[in-house]
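Below is one structure, written out as structure tokens, with a few remarks after it.
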Amino acid sequence: MKTTLKKIFLYVLLMLISVITFTPLLWMISASVMPSGDANTFPPKFFPSTITFEHYITLFTRLNIGRYVFNSFLVSLGVTALSTIINSLAGYAFAKFRFRGRDKLFKFLIASMIVPAQVTMLPLFLMLNKMGLVNTYWGILVPGLASIFGIFLIRQYALSLPESLIEAAKIDGATEIEIYWRIILPLTKPILVTLGLFTFMGTWNDFLWPLIIMTDDAMYTLPVAVGNLMGEHAPDTELMMAGSVLTVLPILLVFLFVQKQYIKGIMAGSVKG
Amino acid sequence: MKKSTTQTVAWMFLAPALSALLIFFFIPIIAAFALSFTDFDIYSLGNISYLRFVGFQNYVNLVHDPLFWKALGNTLYFVIAGGPVSVLVSLGTALLLQSRLVKYKGVFRFFFFAPVVTTLVAVAIVWRYLYHPRFGLINFVLSWFGISAVDWLGDPAWAMPAMILLAVWKNFGYNMLIFIAGLQNIPEELYEAARIDGAGSFQQFRTITIPMLAPTSLFIGLTTMIGYFQFFAEPYVMTQGGPQYATISIVLLMYQHGFRWWSMGYSASVAFVLFAIILLFSIVQLRMQKGAAE
């Protein structure tokens, strides 16, 4: 009897929290298909009076949002592909090679994660400006090439790979590159997928750096474009919600399909090594 | 011979990552420090020969800038009030989801975690409308309980709590997962032994769960604090730092000086003060938690 009551209490609490966490997202989707003005009524409506896709059409035809979707996909995929390879090379080296100063260098890298990225942004902007990379896709790609967190994640995973596999390959006469390509890459695939997801989502969701480096609106990523729309279209609630849906939905869908990998990665990243 | 080859190969594997980090992370940190002692502005951007070394002038100006103190106060408010609230919600939900009585954990976990993966800018826009004093859903729901309308983003007293509420909603799921991982690492035998000794569930929580979670809590405390210090996108899209500068943050101030008015020397000094404060807070937190553990 007591457990039943406790159970009911727990479920009510969990459902209440679920409602709180999910309502803003559901309202965003619902408001995005409301006719203009529907979202600014009293009492507020949760469901549209009629469903319309006019705001999505406006976004694609008049406000050029297809271009921003493309930009976001391009830079997110680009950063993900390049940084996963670069970080994996370094993470493997830290885990499996013995070289002078290895542990000190690794500790130094971990400690420097405390420096907030914002500190680097002013000189980085000036540097990329000199290199002619402001307002280009490279402006986002280049600073994302390597990440200390990524190197850390891969090192932790690679540490657990058996030394004997590498030794056996060496005896068979495999070169270092072959060992990396044929043994290490396939074996670290789970963590590479996880890191790839982190990087993709991080780049997709990033706001401050693209806002700084993309000065021409044809180069904006989705978050910057939607943030910018807010300036002119703040009263068009339904249109803004459609823009938010287009920004959030791809990432939510990705998450829905690869939840397990993503969650594993967060838990792995928090375990001290 | 063999040993030196291993060394060379290792450095070859490290070279791409280390050179990228050196050029695009470490050198800019040093450059930012140097920049903060100059008067770099829009004229220097056009012609570098206008650049002057000004010593500590930017830092002196900073100390005399009331807006800087306002931004610092707001950022600390966000960190000191928002950080702990967010961590407590994470811990509470992690404990709920660890209960043996609960089924469908995956479903609830998905609902709790979904806000974490969303784009901050987009959900900040959504919340801006939810906070609308007249048409917003939040005031409407509050009115069911007889609470009169709050002008969330228009009232300087309510603007920061509104930002914190959004941040907690957006972030708590992340730390929740880390707490769950920490809880799963506690050996079940400890609880069994405690039960045999007649310890109640609260006592078990106090004497087993809390001490066993100490390393997890340290990690969460540090990362959450560092993240909350970088408070920027919420005020940028929701209030532009208003009303009456009630939500201006250190990073927003840095952005405005650096990239809107191009006074990059001054902006760099703001960035460095932020870094110094984060460093200080991290050291204090590490010391405190180490002290508590001993």
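Here are the numbers for this structure:
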quantity	calculated
Table column - 3J(HN,Hα) (Hz), region B:133-150, Karplus curve with 6.51, -1.76, 1.60, x for Gly and Pro	x, 9, 9, x, 5, 5, 5, 5, 5, 4, 5, 4, 9, x, 8, 6, 4, 10
Over region B:92-162, equivalent-ellipsoid semi-axes from the Cα gyration tensor in Å	30, 16, 11
Residues in region B:111-132 reached by a label modelled at A:GLN259 [backbone nitrogen below 16 Å; 7 Å Cα→Cβ]	B:111-118
Averaged over B:25-38, number of beta-carbon atoms from partner chains that fall within 10 Å	5
Compactness of region A:132-228 as Cα Rg over 2.2 N^0.38 Å, two decimals	1.50
Gap separating the Cα centres of region A:161-234 and region B:98-141, nearest whole Å	27 Å
Percent RCO, i.e. relative contact order, over chain B, from Cα pairs under 8 Å lying at least 6 residues apart	28 percent
Exposure proxy order (Cβ contacts within 10 Å, fewest to most) of B:MET238, B:MET176, B:MET225	B:MET225, B:MET238, B:MET176
Fewest-first ranking of B:GLU188, B:GLU234, using other Cβ atoms within 10 Å as the exposure measure	B:GLU188, B:GLU234
Rounded FRET efficiency, nearest 0.05, which uses the C-beta distance separating B:PHE26 from B:THR5 and R0 of 25 Å	0.35
Dipole moment magnitude, nearest 20 debye, the protein assembly as shown about Cα centre, only Lys, Arg, Asp, Glu C-beta charged	1460 debye
Percentage relative contact order, chain A, counting C-alpha pairs under 8 Å, at least six apart	31 percent
Two-decimal ratio, the protein assembly as shown, of alpha-carbon radius of gyration to 2.2 N^0.38 Å	1.02
Region B:212-225 - phi-based ³J(HN,Hα) in whole Hz, Karplus 6.51/-1.76/1.60, Gly and Pro as x	5, 8, 3, x, 4, 5, 4, 4, 5, x, 5, 5, 5, 4
Equivalent-ellipsoid semi-axes of region B:81-121, from the Cα gyration tensor, Å, largest first	21, 16, 4
Dipole magnitude (debye, nearest 20) for region A:11-143, charges at Cβ of Lys, Arg, Asp, Glu	860 debye
Listed residues B:ALA124, B:ALA268, B:ALA157, most fluctuating in chain B (Gaussian network, C-alpha, under 10 Å)	B:ALA157
Dipole magnitude of region A:65-270 about its Cα centre (Cβ charges: Lys, Arg +1; Asp, Glu -1), debye to nearest 20	900 debye
Phi-based couplings in Hz for region B:90-96 (Karplus 6.51, -1.76, 1.60; Gly and Pro marked x)	4, 5, x, 5, 4, 5, 4
Selection from A:LEU192, A:SER76, A:GLY173 lying farthest towards where the dipole of region A:65-270 points positive, charges on Cβ	A:GLY173
Leading residue at positive end of dipole, chain B (Cβ point charges), from B:GLY46, B:ILE186, B:ALA32	B:ILE186
Where labels lie 7 Å past Cα in the beta-carbon direction, separation of B:LEU51 and A:THR3 in nm	7.1 nm
Placed amide H near B:THR38: partners under 5 Å, 5+ positions off or other chain	B:VAL54
Angle in degrees between helix A:102-111 and the longest Cα principal axis of chain A, rounded to the nearest 10	20 degrees
All-pairs Cα distance distribution in chain B, expressed in whole percent, bin size 5 Å	1, 5, 9, 11, 12, 13, 12, 11, 9, 7, 5, 3, 1, 1, 0, 0, 0
Leading residue at positive end of dipole, chain B (Cβ point charges), from B:TRP262, B:ASN74, B:PRO16	B:PRO16
Under 14 Å from the A:LEU74 label point (7 Å along Cα→beta-carbon), backbone N, region A:186-219	A:214-219
Peptide-level mean, for A:12-19, of C-beta atoms on other protein chains within 10 Å	4
Fewest-first sequence of A:SER244, A:SER76, B:SER143 by Cβ atoms within 10 Å of each Cβ	B:SER143, A:SER76, A:SER244
Volume in Å³ per residue [convex hull over Cα atoms, computed for region A:65-270]	150 Å³
Tilt relative to chain A, helix A:2-32 - C-alpha long axis, 0 to 90 degrees, to 10	70 degrees
Anchor A:LYS170: aspartates and glutamates whose Cα lies under 18 Å away (excluding residues fewer than 8 positions away in-chain)	A:GLU178
Rel. contact order, % - alpha carbon contacts under 8 angstrom, at least six apart, region A:4-61	27 percent
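Taken together, the values in this text are just the output of simple stated rules run on the coordinates, not laboratory data. Just so you know, these numbers come straight off a predicted model, no measurement behind them. Positions of Cβ are generated from backbone atoms using ideal geometry, with glycine treated the same way; all protein chains shown enter the neighbour counts.
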